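Below: one structure, written as structure tokens.
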There are 2 protein chains.
Amino acid sequence: MDTAQHHPDLGMLTGQLMRALQNELFETLAEQGHPDVRPRHGSVLAFLDAEGVRATDLAARTGQHKQIIGTIVDELVSLGYVRREPDPADRRAKRIVPTEHGLDEIAKARAILATIEQRLERTLGEQRFAAFREALQEVTGHQQAWRESRQVVD
Amino acid sequence: MDTAQHHPDLGMLTGQLMRALQNELFETLAEQGHPDVRPRHGSVLAFLDAEGVRATDLAARTGQHKQIIGTIVDELVSLGYVRREPDPADRRAKRIVPTEHGLDEIAKARAILATIEQRLERTLGEQRFAAFREALQEVTGHQQAWRESRQVVD
DNA sequence: GAAACTAGTCACGATGCTTGACTATCAAGG
DNA sequence: CCTTGATAGTCAAGCATCGTGACTAGTTTC
């Protein structure tokens, strides 16, 4: 992501922010009894619910390939965060179900992110932070939409 | 980066935005005669000037390790974007100097990013976009500062 | 001039994404 | 039924990126 040094470009800024957020999240998770979850595991853990979710749905929601989801689930199974259960409605499919340990990680991850957001809210002020959050969501949506509109043209 | 689906967390949002920006930048660069630059090359190209910059300075500015900068420069040399020239002031050091081709890439990358920002500015409105940009910069800075303050404690 | 430091490189390993192919199962039409 | 095509999940190989430790050559400090 290229930029001049007079004012860092959007790509640099968002990249740095993402790395900083990720670092804090996973360092804190490690301190709270989850030292072995890594960033990529979020693609699975973040979208689970108690009934279980199929791997293909996870792939669709995160935009990642089925294979990656598969290996992530393998790791999470061996770490004791999730189980694979047969899907009663489709014998090809399996439901990814969080274990107790997995549910604990999910709750803690959400709490940590909420804490980070609260700290940023205090720093920026409630109004500015709310505006920032809304704008970020809008910008992301527009940028993704613009990208997809070009895909068709190609 | 974990999240619930009710409202995407900051990590997810920034990650998606970064990917979308990166995709547009490098697709457009490819169409404009630079099909072989990749995102990581930005760490070097974005911070060059005509006189040349030392690898260690690039590492410090981008937060990446010297070794990574070294391999990126290797690639950019073989692609014809930069040259290594001896630093007259320090015989250990070399200055990374952009070639004509490199200067062209730098100019085009900046133009593309400016175009993206202008489009977002039209979408959000001038005031909201300015506020967003400022808040993003502040949030990133605070988040990074917080991280570093914890490093000392460890 | 000797010791401590700095610039850049080499080598290795960990992590993460992409791609293609394959088996088992489901779904739709004849 | 049963054939044809799509879908769920897995196996496997390859590429890209980043992190860490060690090393050489040159510089700075005392």
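This table checks each residue for (1) within 21 Å of A:Ser43 (Cα to Cα); (2) touching a strand residue (DSSP E or B) at 6+ places or on another chain (Cβ under 9 Å); (3) in contact (Cβ under 8 Å) with a residue 12 or more places away in the chain.
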position	(1), (2), (3)
A:Ala60	yes, no, no
A:Ala93	yes, yes, yes
A:Leu103	yes, no, yes
A:Ala111	yes, no, no
A:Thr123	no, no, no
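In the stretch A:32-42 there is no residue that is within 12 Å of chain B (Cβ to nearest Cβ), within 13 Å of DNA strand D (Cβ to nearest atom) and aliphatic (A, V, I, L, M).
On the stretch given as the stretch B:86-118, residues that are among the basic types (Lys, Arg), surrounded by 20 or more Cβ atoms within 10 Å (Cβ to Cβ) and either away from DNA strand C (no atom under 16 Å from the Cβ) or closer than 30 Å to B:Ala130 by Cβ (or both) total 0.
For every residue, the table says whether it meets (1) of a type in the set (Lys, Arg); (2) surrounded by 18 or more Cβ atoms within 10 Å (Cβ to Cβ); (3) more than 13 Å from DNA strand C (Cβ to nearest atom).
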| site | (1), (2), (3) |
| --- | --- |
| A:Glu27 | no, no, yes |
| A:Asp36 | no, no, no |
| A:Pro39 | no, no, no |
| A:Ser43 | no, yes, no |
| A:Arg54 | yes, no, no |
| A:Asp57 | no, no, yes |
| A:Lys66 | yes, no, no |
| A:Asp74 | no, no, no |
| A:Ser78 | no, no, no |
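Do we find a residue being under 30 Å from B:Asp49 (Cα atoms), within 11 Å of chain B (Cβ to nearest Cβ) and part of a loop (DSSP other than H, G, I, E, B) anywhere in the stretch A:8-28? Looking for residues that are under 30 Å from B:Asp49 (Cα atoms), within 11 Å of chain B (Cβ to nearest Cβ) and part of a loop (DSSP other than H, G, I, E, B), one finds at least one in the stretch A:8-28, hence yes. Taking B:Gln127 as the residue in question, decide whether it is free of Cβ contacts under 8 Å to residues at least 24 places away in the same chain and surrounded by fewer than 16 Cβ atoms within 10 Å (Cβ to Cβ). The answer is yes for B:Gln127. Under the condition of being of a type in the set (D, E, K, R) and within 14 Å of chain A (Cβ to nearest Cβ), which residue from the stretch B:54-105 is farthest from DNA strand D (Cβ to nearest atom)? Among them, the one singled out is B:Asp104.
Quick note: the coordinates plus some simple rules give every number you see, no bench work behind them. Keep in mind that this is a model prediction, so the values were computed, not measured. Virtual Cβ from ideal backbone geometry, glycine too; neighbours counted across all protein chains shown.
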